[in-house]
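Here is the structure we will look at, set down as C-alpha coordinates.
The values are calculated or read from the model by the stated rules, or taken from the named source; none is laboratory data. Since we're looking at a predicted model, the values are computed, not measured. Note: ideal-geometry Cβ built from the backbone for every residue, glycine included; neighbour counts use all protein chains shown. Just so you know, the surface numbers come from the protein's heavy atoms only, side chains and all, with ligands and any DNA or RNA stripped out. Shrake-Rupley method; radii C 1.70, N 1.55, O 1.52, S 1.80 Å.
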Amino acid sequence: MPHISPTTTTNIFVHGASGRMGREVLALIENDSALTLAGATPGEWPESLAADVVVDFSLPAALPALLQQCVQRRLPLVSGTTGYDEQAVEKLRAAAEQIPVLWAANFSLGVAVLQQALRLCAAALPSDWDVSLIDTHHQHKLDAPSGTARALAATVDEQRGGRSGAKAVQIVSTRVGEVIGDHQVCFAGPGECLELTHRADQRSLFAAGALHAAR
(Lines give C-alpha, C1' and ligand atoms only; values in the text may rest on other atoms or scores of the structure.)
Protein backbone atom coordinates (compact mmCIF):
# COMPACT_ATOMS: atom_id res chain seq x y z
CA MET A 1 0.00 0.00 0.00
CA PRO A 2 1.51 3.37 -0.98
CA HIS A 3 2.45 5.86 1.71
CA ILE A 4 0.08 8.83 1.87
CA SER A 5 1.60 12.08 3.07
CA PRO A 6 -0.52 13.83 5.73
CA THR A 7 0.16 17.14 3.98
CA THR A 8 -1.46 16.00 0.73
CA THR A 9 -4.96 17.37 0.12
CA THR A 10 -7.26 15.35 -2.13
CA ASN A 11 -10.21 17.12 -3.77
CA ILE A 12 -13.21 14.78 -3.84
CA PHE A 13 -16.34 15.07 -5.96
CA VAL A 14 -19.10 12.93 -4.43
CA HIS A 15 -21.57 11.31 -6.81
CA GLY A 16 -24.74 10.12 -5.06
CA ALA A 17 -24.30 12.35 -2.02
CA SER A 18 -27.96 12.17 -0.94
CA GLY A 19 -27.93 8.41 -0.29
CA ARG A 20 -26.94 6.64 2.92
CA MET A 21 -23.40 5.94 1.77
CA GLY A 22 -23.05 9.34 0.13
CA ARG A 23 -23.89 11.07 3.41
CA GLU A 24 -21.28 8.96 5.20
CA VAL A 25 -18.67 10.01 2.62
CA LEU A 26 -19.57 13.68 3.07
CA ALA A 27 -19.27 13.42 6.87
CA LEU A 28 -15.82 11.84 6.66
CA ILE A 29 -14.58 14.46 4.20
CA GLU A 30 -15.79 17.23 6.50
CA ASN A 31 -13.80 15.78 9.41
CA ASP A 32 -10.58 15.04 7.52
CA SER A 33 -8.18 17.94 6.97
CA ALA A 34 -6.47 15.99 4.17
CA LEU A 35 -9.69 15.89 2.13
CA THR A 36 -11.62 18.68 0.43
CA LEU A 37 -15.14 18.52 -0.99
CA ALA A 38 -14.98 19.70 -4.60
CA GLY A 39 -18.70 19.26 -5.24
CA ALA A 40 -21.50 16.73 -5.14
CA THR A 41 -24.56 15.37 -6.89
CA PRO A 42 -27.55 15.16 -7.06
CA GLY A 43 -27.61 18.34 -9.05
CA GLU A 44 -25.81 19.60 -12.12
CA TRP A 45 -22.13 18.95 -12.62
CA PRO A 46 -20.30 22.31 -12.56
CA GLU A 47 -18.77 23.41 -15.85
CA SER A 48 -15.43 23.96 -14.14
CA LEU A 49 -14.62 21.25 -11.63
CA ALA A 50 -11.37 21.27 -9.65
CA ALA A 51 -11.40 17.69 -8.42
CA ASP A 52 -8.78 14.98 -8.18
CA VAL A 53 -11.19 12.04 -8.12
CA VAL A 54 -14.88 11.11 -8.10
CA VAL A 55 -16.26 8.88 -5.34
CA ASP A 56 -19.53 7.22 -6.35
CA PHE A 57 -22.22 5.55 -4.26
CA SER A 58 -25.34 5.87 -6.36
CA LEU A 59 -27.59 3.64 -8.49
CA PRO A 60 -26.83 1.50 -11.56
CA ALA A 61 -29.05 3.66 -13.75
CA ALA A 62 -26.73 6.62 -13.18
CA LEU A 63 -23.67 4.84 -14.58
CA PRO A 64 -23.75 5.96 -18.26
CA ALA A 65 -23.94 9.67 -17.38
CA LEU A 66 -21.36 9.25 -14.63
CA LEU A 67 -18.84 7.59 -16.93
CA GLN A 68 -19.44 10.19 -19.62
CA GLN A 69 -18.60 12.99 -17.18
CA CYS A 70 -15.54 11.23 -15.78
CA VAL A 71 -14.10 10.32 -19.18
CA GLN A 72 -14.72 13.78 -20.69
CA ARG A 73 -13.13 15.49 -17.68
CA ARG A 74 -10.35 12.89 -17.30
CA LEU A 75 -11.36 12.25 -13.68
CA PRO A 76 -10.41 9.01 -11.87
CA LEU A 77 -13.40 7.12 -10.48
CA VAL A 78 -13.80 5.14 -7.26
CA SER A 79 -17.20 3.45 -7.19
CA GLY A 80 -18.93 1.35 -4.55
CA THR A 81 -22.27 1.19 -6.33
CA THR A 82 -23.70 -2.33 -6.51
CA GLY A 83 -26.37 -4.02 -8.60
CA TYR A 84 -24.54 -3.70 -11.93
CA ASP A 85 -25.29 -6.27 -14.62
CA GLU A 86 -22.60 -7.60 -16.95
CA GLN A 87 -23.33 -4.90 -19.53
CA ALA A 88 -22.64 -2.22 -16.91
CA VAL A 89 -19.44 -3.96 -15.85
CA GLU A 90 -18.30 -3.91 -19.48
CA LYS A 91 -18.89 -0.16 -19.56
CA LEU A 92 -16.69 0.18 -16.48
CA ARG A 93 -13.98 -1.88 -18.17
CA ALA A 94 -14.18 0.29 -21.29
CA ALA A 95 -13.89 3.47 -19.21
CA ALA A 96 -10.89 1.98 -17.40
CA GLU A 97 -9.00 2.04 -20.69
CA GLN A 98 -9.19 5.84 -20.62
CA ILE A 99 -9.23 6.82 -16.93
CA PRO A 100 -8.30 5.12 -13.65
CA VAL A 101 -11.33 3.15 -12.37
CA LEU A 102 -11.63 1.27 -9.09
CA TRP A 103 -14.95 -0.50 -8.60
CA ALA A 104 -15.54 -2.74 -5.60
CA ALA A 105 -18.68 -4.30 -4.20
CA ASN A 106 -17.30 -3.80 -0.70
CA PHE A 107 -14.52 -1.58 0.67
CA SER A 108 -14.25 -3.41 4.01
CA LEU A 109 -10.88 -4.83 5.07
CA GLY A 110 -12.67 -7.71 6.79
CA VAL A 111 -14.50 -8.68 3.59
CA ALA A 112 -11.21 -8.63 1.67
CA VAL A 113 -9.75 -11.07 4.21
CA LEU A 114 -12.94 -13.16 4.07
CA GLN A 115 -12.47 -13.55 0.31
CA GLN A 116 -8.95 -14.85 0.89
CA ALA A 117 -10.29 -17.30 3.49
CA LEU A 118 -12.98 -18.49 1.08
CA ARG A 119 -10.36 -19.22 -1.57
CA LEU A 120 -8.48 -21.36 0.94
CA CYS A 121 -11.61 -23.22 2.05
CA ALA A 122 -12.86 -23.79 -1.49
CA ALA A 123 -9.48 -25.20 -2.52
CA ALA A 124 -9.02 -27.41 0.54
CA LEU A 125 -12.51 -28.86 1.01
CA PRO A 126 -14.11 -31.50 -1.27
CA SER A 127 -15.83 -29.97 -4.26
CA ASP A 128 -19.07 -31.91 -3.65
CA TRP A 129 -19.69 -30.14 -0.33
CA ASP A 130 -22.69 -27.80 -0.34
CA VAL A 131 -21.95 -24.10 0.01
CA SER A 132 -24.60 -21.62 1.14
CA LEU A 133 -24.42 -17.87 1.63
CA ILE A 134 -26.88 -15.85 3.70
CA ASP A 135 -26.94 -12.17 2.74
CA THR A 136 -28.74 -9.90 5.24
CA HIS A 137 -29.21 -6.14 4.78
CA HIS A 138 -31.59 -3.35 5.75
CA GLN A 139 -35.06 -3.28 4.23
CA HIS A 140 -34.23 -0.28 2.01
CA LYS A 141 -31.48 -2.02 0.02
CA LEU A 142 -32.59 -2.43 -3.58
CA ASP A 143 -30.31 -5.16 -4.94
CA ALA A 144 -30.62 -8.76 -3.83
CA PRO A 145 -28.30 -10.60 -3.65
CA SER A 146 -26.00 -7.80 -2.60
CA GLY A 147 -22.90 -6.97 -4.59
CA THR A 148 -20.81 -8.36 -1.75
CA ALA A 149 -22.74 -11.63 -1.75
CA ARG A 150 -22.25 -12.00 -5.50
CA ALA A 151 -18.52 -11.28 -5.16
CA LEU A 152 -18.09 -13.81 -2.33
CA ALA A 153 -20.02 -16.48 -4.23
CA ALA A 154 -17.95 -15.81 -7.36
CA THR A 155 -14.76 -16.26 -5.31
CA VAL A 156 -15.87 -19.74 -4.25
CA ASP A 157 -17.21 -20.71 -7.68
CA GLU A 158 -14.02 -19.59 -9.43
CA GLN A 159 -11.85 -21.51 -6.99
CA ARG A 160 -13.89 -24.70 -7.44
CA GLY A 161 -14.58 -24.23 -11.14
CA GLY A 162 -13.71 -27.20 -13.32
CA ARG A 163 -13.43 -29.62 -10.40
CA SER A 164 -15.54 -32.76 -10.72
CA GLY A 165 -18.84 -32.57 -8.86
CA ALA A 166 -18.42 -28.91 -7.88
CA LYS A 167 -21.66 -27.29 -6.77
CA ALA A 168 -22.57 -23.63 -7.22
CA VAL A 169 -23.02 -21.46 -4.14
CA GLN A 170 -26.63 -21.17 -2.96
CA ILE A 171 -27.49 -17.58 -1.98
CA VAL A 172 -30.36 -16.57 0.30
CA SER A 173 -31.04 -12.84 0.67
CA THR A 174 -33.06 -11.25 3.47
CA ARG A 175 -33.93 -7.57 3.84
CA VAL A 176 -34.96 -6.67 7.38
CA GLY A 177 -34.81 -3.71 9.76
CA GLU A 178 -31.72 -1.54 9.61
CA VAL A 179 -29.04 -4.24 9.30
CA ILE A 180 -25.99 -2.63 7.66
CA GLY A 181 -24.60 -5.82 6.16
CA ASP A 182 -24.13 -9.41 7.36
CA HIS A 183 -22.71 -12.23 5.20
CA GLN A 184 -22.48 -15.82 6.40
CA VAL A 185 -20.91 -18.57 4.28
CA CYS A 186 -21.34 -22.22 5.19
CA PHE A 187 -19.41 -25.17 3.72
CA ALA A 188 -21.42 -28.30 4.61
CA GLY A 189 -20.15 -31.87 4.26
CA PRO A 190 -21.04 -35.24 5.79
CA GLY A 191 -21.43 -34.67 9.52
CA GLU A 192 -19.86 -31.20 9.69
CA CYS A 193 -20.22 -27.57 8.69
CA LEU A 194 -17.62 -24.81 8.46
CA GLU A 195 -19.02 -21.28 8.80
CA LEU A 196 -17.37 -17.93 8.08
CA THR A 197 -19.19 -14.70 8.97
CA HIS A 198 -18.62 -11.00 8.44
CA ARG A 199 -20.79 -8.35 10.11
CA ALA A 200 -20.60 -4.64 9.39
CA ASP A 201 -21.59 -2.60 12.44
CA GLN A 202 -20.94 0.85 10.96
CA ARG A 203 -21.70 2.10 7.46
CA SER A 204 -18.81 4.54 7.78
CA LEU A 205 -16.25 1.74 7.35
CA PHE A 206 -17.23 1.40 3.68
CA ALA A 207 -16.99 5.15 3.14
CA ALA A 208 -13.59 5.25 4.83
CA GLY A 209 -12.31 2.46 2.56
CA ALA A 210 -13.53 4.25 -0.55
CA LEU A 211 -11.88 7.52 0.49
CA HIS A 212 -8.61 5.73 1.22
CA ALA A 213 -8.77 4.27 -2.28
CA ALA A 214 -9.49 7.71 -3.68
CA ARG A 215 -6.45 9.21 -1.97
Seminar exercise, completed: With every protein chain kept in place and a 1.4 Å probe, the chain has an accessible area per residue in Å² of 52
Problem set entry | Thr36 accessible area, assembled protein chains, probe 1.4 Å, Å² | 60
Problem set entry | Accessible area (Å², 1.4 Å probe, nearest 10) - Trp103 | 100
Seminar exercise, completed: From DSSP H assignment alone, runs of 4+ in the chain each adding -39500 (n - 2.57), the sum over residues rounded to the nearest 500 puts [θ] at 222 nm at -10500 deg cm²/dmol
For this session: Go ahead and run the numbers for FRET between His212 and Val71, Cβ-Cβ distance against an R0 of 22 Å, rounding to 0.05.
Result: 0.40
Seminar exercise, completed: With Thr81 itself left out, Lys, Arg at +1 and Asp, Glu at -1 over residues whose Cβ is under 11 Å from its Cβ give -2
Exercise. Amide H to amide H under 5 Å from Gly181: which residues, 5+ apart in sequence or cross-chain, H placed 1.01 Å off N in plane?
Worked result: Ala200
For this session: Could you calculate the contour length gain from Ser173 to Asp32, that is, 0.36 nm times the residue separation minus the distance between their Cα atoms, to one decimal place in nm?
Result: 47.2 nm
Exercise. Name the residues of the range 20-39 whose amide N is less than 17 Å from a point 7 angstrom out from the Cα of Leu59 along the C-beta direction?
Worked result: 20-23
For this session: Run the dipole for the chain about the Cα centre, Lys and Arg Cβ at +1, Asp and Glu Cβ at -1, nothing else charged, and hand back the magnitude in debye, nearest 20.
Result: 160
Problem set entry | Farthest toward positive dipole pole in the chain [+1 Lys/Arg, -1 Asp/Glu at C-beta], among Gln72, Leu118, Gln184 | Gln72
Seminar exercise, completed: To the nearest 20 debye, the range 102-215 has a Cα-centred charge dipole, built from +1 on Lys and Arg Cβ and -1 on Asp and Glu Cβ, of 320
For this session: Pull out the extension gain between Asp85 and Gln139, defined as 0.36 nm times the separation in residues minus the alpha carbon to alpha carbon distance; nm, one decimal.
Result: 17.3 nm
